[in-house]
Number of protein chains: 2
Amino acid sequence: MKPFGRVVICGVGLIGGSFALALKARGLVREVVGIGRTTASLERARELGVIDRFATDWATALDGAELVLLAMPVGQMLGVMQAMAPHLGPDTLVTDAGSTKRDVIEAIYSNLKSHLEQVVPAHPIAGAEKSGPDAARADLYAGRKVVITPLSENRPEAVARVREAWAATGASLHDMSPQEHDRVFAAVSHLPHLLAFALVHEIAGRANAEQLFGFAAGGFRDFTRIASSHPEMWRDISVANRHALLAELDTYITELAWIRALLSQGDGDSLLKLFSEARDAREAWLAGRFDA
Amino acid sequence: MKPFGRVVICGVGLIGGSFALALKARGLVREVVGIGRTTASLERARELGVIDRFATDWATALDGAELVLLAMPVGQMLGVMQAMAPHLGPDTLVTDAGSTKRDVIEAIYSNLKSHLEQVVPAHPIAGAEKSGPDAARADLYAGRKVVITPLSENRPEAVARVREAWAATGASLHDMSPQEHDRVFAAVSHLPHLLAFALVHEIAGRANAEQLFGFAAGGFRDFTRIASSHPEMWRDISVANRHALLAELDTYITELAWIRALLSQGDGDSLLKLFSEARDAREAWLAGRFDA
């Protein structure tokens, strides 16, 4: 594939930084320019070689850019799009790494409406509780999935080129509608994050929190790992995808109410069946039987 | 410390097998005798050197035994105690590894009531989703905690000797009342297991389960790791500790209802505060600030 010329990364943390490093590792980019909210992060990213230089305004950043990746928490998409729109030339492609797609696409329609041909939304499935430029690594996306939710207005060549960029990170590509994307990730990602935050928060607020944490072990550690995730990012995701997330939360609370009934009746047989079905499903998943 | 003579392990899986291997690795046991439900497991344990020989009846198993460890799922405690009681001599100590303590102690009072001086209940905090003799290892308890819930009827020398055995596995020892034990573990262990089983079960039952699992990633994998736990063991724990577990479940459902309200109001500030507090508490825990 033809290497990219200048690539602009807005948000040089785990997600944006790893995208840059993946292209760099394969010699597929001439120059990476960073832009973002905090100069300290940009300086750190340059120091680490994640970016080659950084810009502090969009006019400079976008000058001669072939591709822009928007890799900030989704709550910042709207403001960033407003700021970049006046400087975005017709030959610069844009993609994003937002964890939700309906709200990002709404922001595109409101703020980049003269650029719909060239903006191709995406979501790489590669979360990690670490964040910031120091967490970035060239192989973050290797073997992972990237969901692409193209707009009907996208130029086919724009979609093809953005796909090339994501594929170059080592990820496999999957097309979805934004609605389907947001429902799927509400179930398998956003809800589990909410549940983990909820458990840790609830325990931390108790008078005997110290004793409880003192006896928490490996199961608790793994169950709550995602409660160490970036709070602002998850605030944005939760608010942006709240309709799908509320539906998932209600479904889950209904499941808990059913389990509550089994427990209070001491119905060991039904609990055993439920636990066994869960374990079997999880083992089948781990064995790759549900690979998309 | 003085090595143990003959140690009997009832249930030669992860928990019982690792106890045996730990004593063996330190040369602290003359002979380990296994007993249990399935001959295949006993044969496998002997093959692996986890036990030296096995017995198929309690009279043989208990003959000349210094210490018995009951390491079966808690639902089997009552039946096992009934079977062993007639053959239990006054000089044989008994401990257990049951994940719940109130029900095990009730079973002791009903079935080993002439032996209360010599039966010292315990719970090693060392779960793992693996089970069976092949999962056993000498270092499972190293650096872990063991909770001891002595009976007021226990002989001090019996408690001291059982403490020696558990300490020899490399674990640190912590005394608690059985009620306190069951409340603490309902919160930090039993509830998280129930929540993980619930999520996997709920998703596995959907028409698009295949798609959902297909896009589940690392966060989901860690969050649900404990849903690969032994279903029978967790059925027994859930039923045995259902009163404390129901209280925990209700507290958690209340927390979810509150989060639901924040979500439906789109209250990003409160969600951010909640997520940040959860992350901070978890990081403090990981940093060892809550070590008992």
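Return the total of residues in the stretch B:254-266 being in contact with a helix residue (DSSP H, G or I) (Cβ under 8 Å, 6 or more places away or on another chain), open to solvent by 30 Å² or more (accessible area, probe 1.4 Å) and more than 7 Å from every other protein chain (Cβ to nearest Cβ).
Residues that pass the stated criteria total 1.
Of the conditions (1) at pLDDT below 95; (2) among the hydrophobic types (A, V, I, L, M, F, W, C); (3) touching a His at 6+ places or on another chain (Cβ under 6 Å), residue A:233 clears all except one; give me its number.
Of everything listed in (1) at pLDDT below 95; (2) among the hydrophobic types (A, V, I, L, M, F, W, C); (3) touching a His at 6+ places or on another chain (Cβ under 6 Å), residue A:233 misses just condition (3).
For residue B:60, state whether it is more than 23 Å from the chain's Cα centre (by Cα), open to solvent by 10 Å² or more (accessible area, probe 1.4 Å) and either of a type in the set (Ser, Thr, Tyr) or at pLDDT 95 or above (or both).
Against the criterion (more than 23 Å from the chain's Cα centre (by Cα), open to solvent by 10 Å² or more (accessible area, probe 1.4 Å) and either of a type in the set (Ser, Thr, Tyr) or at pLDDT 95 or above (or both)), residue B:60 qualifies.
Does residue B:65 qualify as being in contact with a Ser or Thr (Cβ under 7 Å, 6 or more places away or on another chain), of a type in the set (Gly, Ala, Ser) and crowded, with 17+ Cβ neighbours inside 10 Å?
Here the answer is yes, as residue B:65 does meet what is asked.
Do any residues in the stretch B:39-56 that are under 15 Å from residue B:132 (Cβ atoms) have Cβ atoms under 7 Å from those of residues that are in a helix (DSSP H, G or I) and of a type in the set (Ser, Thr, Tyr), where the two are at least six apart or on different chains, and which pairs are they?
Correct list of pairs: empty, since none qualify.
Are any residues in the stretch B:133-162 within 14 Å of chain A (Cβ to nearest Cβ) and among the small types (Gly, Ala, Ser), and if so, which ones?
Result: B:135, B:142, B:143.
Which ones in the stretch B:208-230 are touching a Phe, Trp or Tyr at 6+ places or on another chain (Cβ under 7 Å) and either open to solvent by less than 10 Å² (accessible area, probe 1.4 Å) or under 15 Å from residue B:188 (Cα atoms) (or both)?
Selection gives B:213, B:214, B:223, B:226, B:227.
From the list B:60, B:56, B:95, B:38, pick out the single residue that is of a type in the set (S, T, N, Q) and either within 24 Å of residue B:164 (Cβ to Cβ) or outside the structural domain of residue B:127 (by TED's automatic domain parsing) (or both).
B:95
Give me the pairs, please: first residue somewhere in the stretch B:225-252 and within 7 Å of chain A (Cβ to nearest Cβ) and among the basic types (Lys, Arg), second residue anywhere and surrounded by 21 or more Cβ atoms within 10 Å (Cβ to Cβ) and in a helix (DSSP H, G or I), beta-carbon distance under 8 Å, and either six or more positions apart or on two chains.
Pairs that qualify, where the first residue is within 7 Å of chain A (Cβ to nearest Cβ) and among the basic types (Lys, Arg) and the partner is surrounded by 21 or more Cβ atoms within 10 Å (Cβ to Cβ) and in a helix (DSSP H, G or I), are B:225/A:219; B:225/A:223; B:225/B:196; B:235/A:271; B:235/A:275; B:242/A:263.
Among the strands (runs of 3 or more DSSP E) lying completely within the stretch B:119-237, list those that include at least 3 residues that are more than 14 Å from the chain's Cα centre (by Cα).
Those strands (runs of 3 or more DSSP E) span B:172-175.
Please tell me if residue A:275 is at the interface with chain B (Cβ under 7 Å from one of its Cβ atoms) and surrounded by fewer than 21 Cβ atoms within 10 Å (Cβ to Cβ).
no
Limited to the stretch B:174-204, what total is found for residues that are facing chain A (nearest Cβ under 8 Å) and free of Cβ contacts under 8 Å to residues at least 60 places away in the same chain?
Number satisfying all stated conditions: 15.
Given A:183, A:144, which one is closer than 30 Å to residue A:38 by Cβ and open to solvent by 10 Å² or more (accessible area, probe 1.4 Å)?
Every option except A:144 fails the conditions.
Those residues that are under 23 Å from the mean Cα position of the chain (by Cα) and either surrounded by 21 or more Cβ atoms within 10 Å (Cβ to Cβ) or among the aliphatic types (A, V, I, L, M) (or both), I need them from the stretch B:238-253; list them, please.
B:238, B:239, B:240, B:241, B:242, B:244, B:245, B:246, B:247, B:248, B:249, B:252
Have a look at A:281, A:198, A:209, A:216 and point out the one that is closer than 20 Å to residue B:268 by Cα and of a type outside the set (Val, Ile, Thr).
Being closer than 20 Å to residue B:268 by Cα and of a type outside the set (Val, Ile, Thr) holds for just one of A:281, A:198, A:209, A:216, which is A:198.
The values are calculated or read from the model by the stated rules, or taken from the named source; none is laboratory data. Quick caveat: nothing in here was measured; it's all calculated off a predicted structure. As a convention, Cβ positions derive from the backbone with ideal geometry for all residues, glycine included, and neighbour counts pool all protein chains shown. Calculation scope for accessible area: heavy atoms of the full protein, side chains included, ligands and nucleic acids excluded. Shrake-Rupley method; radii C 1.70, N 1.55, O 1.52, S 1.80 Å.
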